[in-house]
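Engineer: One structure, pasted below without further comment.
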Amino acid sequence: MRKNMMLLGLLFSVNVLAATPQELLKQYETQAKQENPAFSGFSADRGASFFKAEHVHSTGQKVSCSTCHTADPRNQGKTRANKVIEPMATIANPQRFTDAAKVEKWFGRNCKDVLERACTAQEKGDYIQYLVNVK
Amino acid sequence: MKKWMQFLVLISSITSTSALLASGGIDGGGGNTMTSVTNAKWKAECSSCHMLYQPGLLPERSWNKMMSGLDKHFGENASLDAATRDEITHFLVTNSAEKSTNRRSNRINQSIPANATPLRISETRYFMSKHDEVSPSTFQRKSIGSAANCIACHKSAEKGDFSESQIRIPR
């Protein structure tokens, strides 16, 4: 109970205050350990393949993160409605992964659009690790 | 008798002038430009994937339907937390086409059959009649994308200004 309260407090404070990508990774690490006791850290390489991996959507279309974000996360992407998406890599866009609520909102939407399911904490962490590491 | 008539004319002109002034103050005086209403959450959330559509482009029933199906928003998941969704819905509904007195909102609203609840502005009879000279291949140009991208040709679309003088169709 006490542990839960502390976790809740942690989540709340991270959600309200501006975060750093490292803080978000810590948060996802805590979740990943709960999801999988054998968790052994995040991998930028796994994140990179996740970013490019194509899935055949139930509509028959092939989709991936890079469909909208382009294969190079330092580039601007484009939504299906022709709107520019600022780069995902923190080196090109330091605003990325500094707002926990925003990050969760977009994982929530885009995982369902691309994978047709929610992402695991492992996948989210790998993804952020990759985009933080891109030079 | 004559004096009585003069008085009547005076009274009626005063009332109509004040009515005109009142409507002008509230909603742009029945002009063609939509009232440029704004709401911070609407602006931030509704323009991250597509151009910002003014509430006066669709009737209340369309906005209600749109906002209650955000998990399947034109084939994409655009879910919002409940508080944000409710605030934006309230804003859209309060300023919807049937509540605006500008001519364009009125015409859009009148062109929609009572039993229809369109989600696409481009499906309304008003839109179709206004764009009947634009070919499908023009809409499909890379610089435009689709009929949903008003701003590609109407550069002041996000402010609700679709006037002829603001149109430039890109190559």
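Engineer: Counting only other chains, and only Cβ atoms inside 10 Å, what mean value do you get across the residues of A:77-88?
Structural biologist: 4
Engineer: Can you tell me the orientation of helix A:2-16 relative to chain A, as the angle in degrees between its alpha-carbon axis and the longest Cα principal axis, to the nearest 10?
Structural biologist: 40 degrees
Engineer: Within a Cβ distance under 13 Å of B:L70, other residues only, what is the Lys/Arg minus Asp/Glu net charge?
Structural biologist: 0
Engineer: Helix A:121-133: angle to the longest alpha-carbon principal axis of chain A, degrees 0 to 90, nearest 10?
Structural biologist: The angle comes out at about 70 degrees.
Engineer: Computed on alpha carbon atoms, what radius of gyration and Dmax characterise the range B:38-166, expressed in Å?
Structural biologist: When restricted to Cα atoms, the range B:38-166 yields Rg and Dmax of 14.4, 42 Å.
Engineer: Hey, another quick one. Mind scanning B:K43/B:K155; A:K105/B:K130; A:K83/B:K99; B:K41/B:K159 and naming the pairs with a C-alpha gap bigger than 26 Å? Before the final figure, lay out the partial values.
Structural biologist: Numbers: B:K43/B:K155 17 Å; A:K105/B:K130 37 Å; A:K83/B:K99 29 Å; B:K41/B:K159 16 Å.
From B:K43/B:K155; A:K105/B:K130; A:K83/B:K99; B:K41/B:K159, over 26 Å: A:K105/B:K130; A:K83/B:K99.
Engineer: Considering amide H positions built from the backbone, and no H for Pro or chain starts, which residues 5 or more places from B:H73, or on another chain, come under 5 Å of its amide H?
Structural biologist: Residues meeting the amide H criterion: B:A78.
Engineer: Once you list every other residue whose beta carbon is under 15 Å from the beta carbon of A:A101, what net charge do they have if Lys and Arg are +1 and Asp and Glu are -1?
Structural biologist: Here the count lands on +2.
Engineer: Select from A:V84, A:V63, A:V114 the residue whose mean-square fluctuation is largest in a Gaussian network model of chain A (Cα-Cα springs shorter than 10 Å).
Structural biologist: Looking only at A:V84, A:V63, A:V114, the biggest GNM fluctuation is shown by A:V84.
Engineer: Quick test of your reading: applying the under-4.7 Å Cβ rule, which cysteines of chain A are isolated?
Structural biologist: Within chain A, the cysteines lacking a partner Cβ under 4.7 Å are A:C65, A:C68.
Engineer: Between A:I85 and residues 5 or more places away or on another chain, which pairs have amide H atoms under 5 Å apart, with H built 1.01 Å from N, and which residues are they?
Structural biologist: It is A:G77, A:K78, A:T79, by chain and number.
Engineer: Still on this structure: Rounded, prolate or oblate: which one fits the range B:101-165, using the alpha carbon gyration tensor with axes a ≥ b ≥ c (rounded when a/c is under 1.5, else prolate when a/b beats b/c, else oblate)?
Structural biologist: Here the range B:101-165 falls in the oblate category.
Engineer: Tabulate in residue order the Karplus-calculated ³J(HN,Hα) for the range B:80-91, using 6.51 cos²θ - 1.76 cosθ + 1.60 with θ = phi - 60°, rounded to whole Hz; enter x for Gly and Pro.
Structural biologist: 10, 5, 4, 5, 5, 4, 5, 5, 5, 4, 4, 4
Engineer: When only alpha-carbon atoms are used, what values of Rg and Dmax, in angstrom, describe the range A:2-133?
Structural biologist: 15.1, 48
Engineer: I've got another one for you. Hey, what do the phi angles of the range B:60-76 turn into as Karplus ³J(HN,Hα) couplings, whole Hz, using 6.51/-1.76/1.60 and θ = phi - 60°, x for Gly and Pro?
Structural biologist: After applying 6.51 cos²θ - 1.76 cosθ + 1.60, I find 3, 4, 5, 5, 4, 5, 4, 6, 8, x, 5, 6, 10, 8, 6, x, 10 Hz.
Engineer: Provide the packing ranking of A:20-27, B:87-94, i.e. peptides ordered by the mean count of other C-beta atoms within 10 Å per residue, highest first.
Structural biologist: Most protected by this proxy first, the peptides run B:87-94, A:20-27.
Engineer: OK, next. Can you list the lysines whose alpha carbon is less than 17 Å from that of A:K78, not counting same-chain residues fewer than 8 positions off?
Structural biologist: A:K52, A:K62, B:K142
Engineer: Related question: Mind checking the mean number of beta-carbon atoms from other chains within 10 Å of the Cβ atoms in A:104-115?
Structural biologist: Averaged over the peptide's residues, the number is 3.
Engineer: Using only Cα atoms, what Kirkwood radius does the range B:40-87 have, in angstroms?
Structural biologist: 11.3 Å
Quick note: the coordinates plus some simple rules give every number you see, no bench work behind them. On a predicted model such as this, the values are computed, not experimentally measured, just so you know. Quick reminder, even Gly has a Cβ in these numbers, built from the backbone with ideal geometry, and neighbours come from all protein chains shown.
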